[in-house]
Amino acid sequence: MSSHGSLIAHLDMDAFYASVELLRYPELRGQPVVIGGGSDAAPIVQPDGTRVYKRLRDYVGRGVVTTSTYEARALGVFSAMGIMKAARLAPDAVLLPTDFTAYRHYSGLFKSAVATIAPEIENRGIDEIYIDLNAYKDDAQGIARRIKQAVHEATGLSCSIGLAPNKLLAKICSDLEKPNGLTILTAAEIPTRIWPLSVKKINGIGPKAAAKLATLNIHTIAELAACDAGVLQENFGRSYSAWLMRVAQGIDERQIVTYSEPKSVSRETTFERDLHARQDRAELSALFTHLCERVAGDLVRKNVVGRTVGIKLRYTDFSIVTRDSTLEWPTDDPIAIRQAAGECLRRVPLDRRFRLLGVRIGSLSPKDATAMRPAEQQRLFES
């Protein structure tokens, strides 16, 4: 492997949003809890100080699950699922509103705690990071345990860490012993510990790709590694099939990137089933709005605004179409992003089903007075 001798850690916070909420509502520990409601999903405080929580069975709307506790996941409720569908699976689950301000706060706490021990960090989102541990090879397990303890002391939350020769394997490992796991993998252990796993464990193989692989009788990473290259190319195209062959062998040449100026922010989701713009309009509308809100949240977290809004669709035949639109003024407003993304969506063919939808915003700039609309600047001077 080209990454032989390297040591990379992937740290993933355990059910992050839900765990933050459990700090606020500890009486809900051990119960199925779903995060994703609006402000009306906030619990009602009784005169005696007790709380009355909203339940999924009472929800009516088009919202989407942001995340869920492990107890809710055991009932089949996962992120990006429509809340109405989740209610059918877990009607007695508690529904709570999202609070991205709190999640960003705890995100900053855990990342700062890690940086005091191992500062070479690649930020991969609000709840996960890669860590370069090449300087700590002599005591990798000890360092990982120190990091886990530091995260818990700083936040009260648990995390799972995977240690491996590269990013691909580290990310797989961090998910193997959740929650509060620590998994260490060497390159020599790939055949015995990685190959028996489902292909779904590889980040980048979504539900539809896994289903298509299943039609080729490929269910495990070992079966993918043994598959004929020509068969993969015939079914997935040259680029994606080449990537499948590499990752099945545990090959990943990506390096830790400790800092980069953000050029764009994007969010995308692969559907549980192929959707049609007209026949599944309500479900798609909720998912689309959710993606725009998450993009806006990322912009706020990075303290940037953007001007170029784009969308991405992947049809059932894996063909991809994109469209962009440039705003007059930079923004981080989810409503403005949703409106511009909707205009882009109207410029693509919607007469056939598609499997993936993504929203992107580029042309980023720091969020300061110069990036605001003149009217906003005027309000600042008037205040």
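The values are calculated or read from the model by the stated rules, or taken from the named source; none is laboratory data. Nothing here was measured: the structure is a model prediction, and the numbers come from that model. Note that each Cβ is placed from the backbone with ideal geometry, even for glycine, and that neighbours are counted across all protein chains shown.
General remarks:
- Selection status of I121, farther than 17 Å from E153 by Cα and either of a type in the set (V, I, T) or at pLDDT below 90 (or both): yes
- L232 more than 19 Å from the chain's Cα centre (by Cα), assigned by TED's automatic domain parsing to the domain that holds G362, within 30 Å of I311 (Cβ to Cβ) and hydrophobic (A, V, I, L, M, F, W, C): no
- Pair list, Cβ under 9 Å, 6 or more apart: the stretch 95-120 residue closer than 13 Å to L11 by Cα, other residue assigned to a helix (DSSP H, G or I) and among the hydroxyl-bearing types (S, T, Y): F110/T155; A113/T155; A118/Y136
- Any hit, the stretch 316-326, residues being in a strand (DSSP E or B), assigned by TED's automatic domain parsing to the domain that holds S363, buried (at least 19 other Cβ atoms within 10 Å of the Cβ) and not aliphatic (A, V, I, L, M): no
- Some residue of the stretch 140-149 being within 19 Å of A15 (Cα to Cα), crowded, with 19+ Cβ neighbours inside 10 Å and touching a Lys or Arg at 6+ places or on another chain (Cβ under 6 Å): no
- The one condition in (1) over 19 Å from L11 (Cα atoms); (2) surrounded by 19 or more Cβ atoms within 10 Å (Cβ to Cβ) that T183 fails to fulfil: (1)
- Candidates L11, L56 - the one that is of a type in the set (A, V, I, L, M, F, W, C), in contact (Cβ under 8 Å) with a residue 12 or more places away in the chain, surrounded by 23 or more Cβ atoms within 10 Å (Cβ to Cβ) and within 30 Å of D252 (Cβ to Cβ): L11
- For the stretch 252-275, a residue qualifies if it is of a type outside the set (K, R) and within 21 Å of G63 (Cβ to Cβ), and the qualifying residues are E268, T269, T270, F271, E272, L275.
- Any hit, the stretch 194-201, residues being among the β-branched types (V, I, T), outside any helix (DSSP H, G or I) and either in contact with a strand residue (DSSP E or B) (Cβ under 9 Å, 6 or more places away or on another chain) or within 17 Å of A9 (Cα to Cα) (or both): no
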